[in-house]
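The next block holds one structure in the form of structure tokens; read it before the comments.
The values are calculated or read from the model by the stated rules, or taken from the named source; none is laboratory data. Only a predicted model underlies this, so the values are computations on that prediction, with no experimental measurement involved. Note that we place each Cβ from the backbone using ideal geometry, even for glycine, and neighbour counts take in every protein chain shown.
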């Protein structure tokens with residue numbers, strides 16, 4: 001959503017012999033600020049956490065977009081909260097097909113646990 005800057009202008013016009021002065025607001029658009037995106041390099045370093053409810057992420061987390069490509073070639077953007085070394089995604093918001101691709105991107109980060 002573009003931010004709008006409000007400027008006030010004055011205009012004089014006459015109607016018959018009376019002079020009226022009006023104030024009206026003029027909105028000017030600024031360039032849209034693109035949301036930050038999670039890069040592939042960040043995907044390799046972050047650990048994915050799925051949460052439920054509002055208490056799942058820290059308040060300082062920054063919202064970013066993660067681009068995923070589905071099997072049929074479509075590109076979708078998923079909203080991810082990033083804080084320190086974790087990426088947070090809310091469960092139940094996106095279809096299972098999307099979540100499968102998100103998990104696949106972050107699965108490379110998990111270190112295998114060796115059991116003796």
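Please go through the stretch 37-58 and give me each residue that is within 18 Å of the chain's Cα centre (by Cα) and modelled with pLDDT under 85, ordered by number.
Scanning the stretch 37-58 gives 40, 54, 56.
Somewhere in the stretch 62-73, is a residue on the phi > 0 side of the Ramachandran plot and at pLDDT 90 or above?
Checked the stretch 62-73: at least one residue is on the phi > 0 side of the Ramachandran plot and at pLDDT 90 or above.
I'm trying to understand the selection: among the residues of the stretch 78-111, which are assigned to a loop (DSSP other than H, G, I, E, B) and surrounded by 16 or more Cβ atoms within 10 Å (Cβ to Cβ)?
Within the stretch 78-111, just 94 meets the criteria.
Does residue 75 meet the test of being surrounded by 16 or more Cβ atoms within 10 Å (Cβ to Cβ) and either free of Cβ contacts under 8 Å to residues at least 60 places away in the same chain or in contact with a helix residue (DSSP H, G or I) (Cβ under 7 Å, 6 or more places away or on another chain) (or both)?
Criteria not met by residue 75.
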